[in-house]
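Chemist: Right, I'll just put the structure down here and ask away after.
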């Protein structure tokens, strides 16, 4: 399935802009949020749509903010 142009998160295929997760700033965020490591040959889609990418970065920012606040306490 990794050869398909489909979003790894929402499985969208039509009318979406997709970008590769690996070799981008999305990889770390995805792995932190999901607890799942992405491997190039894992048989899963290697792309994420722009909507899911924006949500991922938003949640990563929220997670970072929570962790920072916890460290200050």
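Computed from the coordinates by the stated procedures, all read-outs in this text should not be read as laboratory data. This structure is a prediction, so every number in the text was calculated from the model and none was measured. Positions of Cβ are generated from backbone atoms using ideal geometry, with glycine treated the same way; all protein chains shown enter the neighbour counts.
Chemist: Could you please let me know if residue 7 is in contact (Cβ under 8 Å) with a residue 40 or more places away in the chain and in contact with a helix residue (DSSP H, G or I) (Cβ under 6 Å, 6 or more places away or on another chain)?
Modeler: Yes; evaluated as a whole, the condition is true for this residue.
Chemist: Considering only the range 11-49, state which residues are closer than 20 Å to residue 61 by Cα, crowded, with 18+ Cβ neighbours inside 10 Å and in contact with a strand residue (DSSP E or B) (Cβ under 9 Å, 6 or more places away or on another chain).
Modeler: Of everything in the range 11-49, those that are closer than 20 Å to residue 61 by Cα, crowded, with 18+ Cβ neighbours inside 10 Å and in contact with a strand residue (DSSP E or B) (Cβ under 9 Å, 6 or more places away or on another chain) turn out to be 21, 26, 30, 48, 49.
Chemist: Let me ask you something else. Working only within the range 29-54, note down all residues that are in contact (Cβ under 8 Å) with a residue 12 or more places away in the chain and not in a loop (DSSP other than H, G, I, E, B).
Modeler: Listed by number, the residues that qualify are 29, 30, 32, 33, 47, 48, 49, 50, 51, 52, 53.
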